[in-house]
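Just so you know, all these numbers are worked out from the coordinates, no wet-lab data involved. It should be emphasised that the depicted structure is a prediction, and the values quoted were computed from it without experimental measurement. Cβ sites come from the backbone with ideal geometry, for glycine too, and all protein chains shown count toward neighbours.
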Amino acid sequence: MKYHVITLGCQMNLSDSERVISVLDKAGYEWTDNEEEAGVIGILACSVRQKAIDKVYSRIHKWNKWKNHKNLITFISGCILPNDHEKFLKLFDITFQMKDLPKLPEMISRYGVTTPAQLKAGIDPHNENIERFWNVKPSYQSNYEAFIPIQNGCDKFCSFCAVPYTRGREVSRPSKDILAELALLVAQGFKSITLLGQNVNSYGLDKKGEEITFPELLRQIGEMGKRLKKEFWVYFTSPHPRDMTDEVIEVIAQYPVLAKQIHLPMQSGDDKVLIRMNRKHNMGKYRDIVHSIRRLIPKATLFTDIIVGFTGETEEQFENTRRAMEEFKFNMSYTAMYSPRPGATSHRWDDDVLQDEKKRRLHVLTEELRKHNVSYNKSLVGKTLRVLVRGADRKEGYLSSLTEGKLIVRFASDREDLIGQFADIKIVSASDFSLEGELINIEETVSL
């Protein structure tokens, strides 16, 4: 029987989907890119944004209509709020928690023999036995880029966020398993590896005395890089400013394999808004972290997340966020308009910033980001940058690549054999969100 899986949301869901695919492949199901050919269709949902949930409803209503003329089994898992979960129980044939993924083939085979009600393995945000899920070997969808989950859940309870209610409390994966998976990936030739968690820098804090800390995990990865003498970049996402320490930054600065790119969500540049968001840090703390990054890792690129139009955000408070963007000169900002999520604390508050005003604020911050990027990217013209080639670019006859700092670089080439390899590119021109260069050198491996 053929199957198809749709993944919505963040890199964590993408990583989860690789394990779903692995389980179904091993059970004898055959992947198809065409969902109309599939007898089993699943979706990994995301309740963090309403737009993503709307996509789920659109899909399942379409699939349920297909059942009028074909045999079809549908399943859902992922990041799902209790309110959405109750509705999905009536729409999907199978629902399950990720910790129960190893049982998915059995659930599918029993469907029609066992009643649907018995297959509703409720999507409750608990993390018992999550190790069973982590032990599933992923079916990597790339031969050079991979994700390693190091943690699941969140204990921060930001007032705008649904994650603690969809993924449960923080649970750290055993470090020996993380390091073993990383070593295997490097041995197989993977070049870009990302450590995943809702708050990666609180790794190990739930198992004090039993598990190492996040800085120590990074240090052991750095030492592994020294021993293996292979070129690869290790990233992590997402950290929380509350738990970001100078020790983490110092370790990144020390080891070449730890990528000099840091994603540090700010969310707002105003202290009063941060209090309402329950972020548990202020702009003074955030500023100190950025200064440490600039001092210890001068070449690091800095990415962030920002929400505009949060409940009660005044024009003055928004202006503080704009000033913060101007001050910190982020290389990338994932900026979103606030949308209340059922179950999150702020859902009970008035969504009192008009949609048109949210759009205006989003535009202002995008222009602020664009202004800095033009200046920063132009400073790279004439320099030679190390890149990882990722595939064909939208510009015909060009390949697209990423620097260690995740800056987009395109260059003229039709050599598909370069995909997944490191190369040296001399930058010849720059725009706001990309660079263009000429291929100088290609090497599969480099001793560090």
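Its Cα gyration tensor gives the chain an equivalent ellipsoid. The semi-axes, each the square root of 5 times an eigenvalue, are 35, 28, 23 Å from largest down. Distances between placed amide hydrogens fall under 5 Å for residue 147 paired with 194, all partners being 5 or more residues away or on another chain. The charge dipole of the chain, taken about the Cα centre with unit charges on the Cβ atoms of Lys, Arg (+1) and Asp, Glu (-1), comes to about 180 debye, rounded to the nearest 20. In the elastic network of the chain, a GNM with C-alpha springs shorter than 10 Å, the most mobile of 13, 201, 64 is 64.
Contact order for the chain, expressed relative to its length and based on alpha carbon pairs under 8 Å spaced 6+ residues apart, stands at 11 percent.
Look at the dipole of the chain built from charges on Cβ: of 238, 146, 171, the Cα furthest out on the positive end belongs to 171.
Residues with beta-carbon under 12 Å from that of residue 66, excluding residue 66: net charge, scoring Lys, Arg +1 and Asp, Glu -1? Numbers along the way, then the final one.
Values: positive: 59, 62, 65, 67, 70; negative: 35, 36, 37.
Its environment carries a net charge of +2.
Counting neighbouring beta carbons within 10 Å and listing from fewest to most, the residues 264, 205 come out as 205, 264. Backbone amide hydrogens, once placed in the peptide plane, bring residue 236 within less than 5 Å of 195, excluding anything fewer than 5 places away on its chain. Output the relative contact order of the range 1-76, whole-number percent, from Cα pairs under 8 angstrom with separation of 6+ residues. Over the range 1-76, the number comes to 38 percent.
Give me 186, 364, 381 sorted ascending by neighbouring Cβ count inside 10 Å, so fewest comes first.
Working: 186 21, 364 17, 381 14.
Listed from fewest to most nearby Cβ atoms, that is 381, 364, 186.
Compute the Cα gyration tensor for the range 15-60, then decide on rounded, prolate or oblate, letting a ≥ b ≥ c be the square roots of its eigenvalues: rounded whenever a/c is under 1.5, prolate when a/b is larger than b/c in the other cases, and oblate in all that remain. Oblate, since a/c reaches 1.5 and b/c is not below a/b.
Report relative contact order for the range 314-448 in percent, whole number only (criteria: Cα-Cα under 8 Å, sequence separation at least 6).
Numbers: 206 pairs, mean separation 26.6, N = 135.
Computed value for the range 314-448: 20 percent relative contact order.
Between beta-carbons, use under 10 Å as the cut-off and find the net charge around residue 162, counting Lys and Arg +1, Asp and Glu -1. Around residue 162, the charge tally is +2.
For the range 231-238, 3J(HN,Hα) computed residue by residue from phi via the Karplus equation (6.51, -1.76, 1.60; θ = phi - 60°) reads 8, 7, 10, 10, 10, 8, 7, 10 Hz, glycine and proline entered as x.
Taking the charge dipole of the chain about its Cα centre, with +1 at Lys and Arg Cβ atoms and -1 at Asp and Glu Cβ atoms, the residue from 200, 34, 68 reaching farthest to the positive side is 68.
Within 10 Å of each candidate Cβ there may be at most 11 other Cβ atoms; applying that plus a DSSP loop requirement, which trypsin sites (Lys or Arg not before Pro) in the range 169-202 survive? It would help to have the intermediate numbers written out before the result.
Values: sites: 169, 176, 191; in loops: 169, 191.
When the trypsin sites (Lys or Arg not before Pro) of the range 169-202 are filtered for loop state and at most 11 Cβ neighbours within 10 Å, nothing remains.
Close amide H pairs (under 5 Å, H built 1.01 Å from N) link residue 306 with 267, 334, 335, 336, residues at least 5 positions away or on another chain. Put a plus charge on the Cβ of each Lys and Arg, a minus charge on the Cβ of each Asp and Glu, and nothing anywhere else: the dipole of the range 142-232 about its Cα centre is then about 180 debye. For the range 330-342, backbone phi angles converted through the Karplus equation (6.51, -1.76, 1.60; θ = phi - 60°) give residue-by-residue couplings of 4, 7, 7, 9, 8, 9, 10, 7, 4, 9, x, 10, x Hz, Gly and Pro being listed as x.
Pairs of lysine residues in the range 359-414 that meet both criteria, 8 or more places apart or on different chains and Cα atoms under 25 Å apart, total 9. By the count of neighbouring beta-carbon atoms within 10 Å, fewest first, 327, 404 end up ordered 327, 404.
Under a Cβ-only charge scheme (Lys and Arg +1, Asp and Glu -1), can you give me the dipole magnitude of the range 272-375 about the Cα centre, in debye to the nearest 20?
Working: 20 positive and 15 negative charges, 118 e Å.
Computed about the Cα centre, the dipole is about 560 debye.
With the convex hull drawn over the C-alpha atoms of the range 142-232, the volume per residue is 99 Å³.
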